[in-house]
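What follows is a set of notes on a single structure, which appears directly below.
Laboratory data are not the source of any read-out in this text; all were calculated from the coordinates shown. The model shown is predicted, which means the values in this text are computed figures rather than measured ones. Cβ: placed from backbone, ideal geometry, glycine included. Neighbour counts: every protein chain shown.
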Amino acid sequence: MAIKYELIKECKQSGARLGRIQTPHGIIETPIFMPVGTQATVKAMTPEELKDIDAQIILSNTYHLYLRPGHRLVEKAGGLHKFMNWDRPILTDSGGFQVFSLGDLRKITEEGVEFRSHLDGSKHFLSPEKAIEIENALGADIIMAFDECAPYPAERSYVKNSLERTTRWAKRCKEAHSKPDQQALFGIIQGGMYKDLREQSAKEIIDLDFPGYAVGGLSVGEPKELMYEVLEYTTPLMPKDKPRYLMGVGSPDCLIEGAIRGIDMFDCVLPTRIARNGTAMTSLGKVVIKNAKYTEDFSPLDPNCSCNTCKNYSKAYLRHLYKAEEILSARLVTYHNLHFLIELMKNVREAIRQDRLLDYRKEFFEKYGYEI
Ligand SMILES: [Zn+2]
């Protein structure tokens, strides 16, 4: 087995779990937020900086690396860890989500998905076998099964067909996986916003026996309350002795609410993307750095933050960098945002340890505000 999950304790106040995942590249403490490094780089950050802020695992995207520079080149470099100089754990998605997001540029069949590259329009075919071949070549510690993520809203019959195909594809992924002792393949539970379909998918996927499971098909445009409701009836169906990953979720409220509902792993481009647009997540809520009110504000981005950005630079300076379109703006705000979410998850883990995650949620939102 490539990974080993240990459930350390459950929070007595909520459904949250404190755990640890042992991987070939080190230990991950859960619940955890995973910064996204789409193209084998977390945008604007060096791996050394990611270590400074204590990032334990990052995510990278199969679709993007397959198209450029190509998985065989990454393999030749010695795998993704060596290629990008990151010796801690990595998770790769299967490329399915990006391919399905291509809309008119793709065609789905039982065999797989034909699509055109968003880069040059060239034609490609991604199947469960091909996705796993790419992920095996990239060499991440945790790899994801090739699934179909149904859009929201979607008809029940569409979601049912799609989840059943996802099960058949999951089986094919498992059979195609050539390195189960080095890379843990996670199955993905689909089923949209339909309770019985989530139950069906959970049963089918868990029957295939993967070392970890993800909840897919959420954070696709549905109201947050609906996402929480789906989690409330989906996570109890998942085995307690395996890690649970909620895909594509990364706002502070969703991280806390997800952890409360028993999720262990999260990823999202949100903190890095909004950083490049000059928006910071802080303990006192969102700060939009371009706002005129910060012109002469020489205080740090977040008075309660210990990161290098907040220790050394003022809002006025960050606003100036943003207005002047200096690349340092993206670097400093990204650094802060990722530090903020990583610290948030440390606090969540500490709150679980002390059986007080619901109290922590209240304290957090009293300062952060409820507008996300
Ligand atoms: Zn900071």
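Key figures for this structure:
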{"quantity": "Highest-fluctuation residue, Thr334, Thr109, Thr38 considered, GNM on the chain with Cα pairs under 10 Å", "calculated": "Thr109"}
{"quantity": "Span from the the stretch 115-164 Cα centroid across to the the stretch 284-307 one, whole angstrom", "calculated": "40"}
{"quantity": "Which listed pairs, of Lys51/Lys315; Lys43/Lys311; Lys4/Lys43; Lys195/Lys224, have C-alpha distances above 26 Å, in listed order", "calculated": "Lys4/Lys43"}
{"quantity": "Inter-label distance for His118 and Ala77, nm, one decimal - labels placed 7 Å from Cα along Cα-to-Cβ", "calculated": "2.0"}
{"quantity": "Surface/4 estimate of mean projected area, convex hull on alpha-carbon atoms of the stretch 1-63, nm²", "calculated": "5.8"}
{"quantity": "Cβ-based charge dipole, the chain, positive-most Cα from Gly192, Leu218, Ala170", "calculated": "Leu218"}
{"quantity": "Fraction of antiparallel bridges per DSSP, the chain only, in percent to nearest 5", "calculated": "50"}
{"quantity": "The stretch 188-277: trypsin sites (Lys or Arg not before Pro) falling in loop per DSSP and having at most 13 other Cβ within 10 Å", "calculated": "Lys240"}
{"quantity": "Exposed-loop-free span, longest in the chain, where chymotrypsin sites (Phe, Trp or Tyr not before Pro) count as exposed if DSSP calls them loop and at most 15 other C-beta atoms lie within 10 Å", "calculated": "1-297"}
{"quantity": "Gyration tensor (alpha-carbon) shape descriptor, the stretch 63-204, a/c threshold 1.5", "calculated": "oblate"}
{"quantity": "Filtered GluC sites (Glu not before Pro), the stretch 117-183: DSSP coil and at most 16 other beta carbons within 10 Å", "calculated": "Glu155"}
{"quantity": "Sequence-separation-based contact order of the chain, relative, with Cα cut under 8 Å and 6+ spacing, percent", "calculated": "18"}
{"quantity": "Gyration tensor (alpha-carbon) shape descriptor, the stretch 94-171, a/c threshold 1.5", "calculated": "oblate"}
{"quantity": "C-alpha center-to-center spacing [the stretch 19-75, the stretch 191-263] in angstrom", "calculated": "22"}
{"quantity": "Built amide H within the under 5 Å cut-off of Asp267, gap 5+", "calculated": "Met34, Gly248, Val249"}
{"quantity": "Equivalent ellipsoid dimensions for the stretch 164-238 as semi-axes, Å, which come from the Cα gyration tensor, largest first", "calculated": "24, 12, 11"}
{"quantity": "Rounded to whole Å, sorted largest first: equivalent-ellipsoid semi-axes of the stretch 77-132, Cα gyration tensor", "calculated": "26, 13, 10"}
{"quantity": "The stretch 225-308 shape via C-alpha gyration tensor axes, a/c threshold 1.5", "calculated": "prolate"}
{"quantity": "Cβ-placed point charges (K, R +1; D, E -1), dipole of the chain about Cα centre in debye, nearest 20", "calculated": "420"}
{"quantity": "Kirkwood-based shape ratio for the chain, expressed as Rg/Rh from alpha carbons", "calculated": "0.96"}
{"quantity": "Compactness index (Cα Rg / 2.2 N^0.38 Å), the stretch 175-324", "calculated": "1.35"}
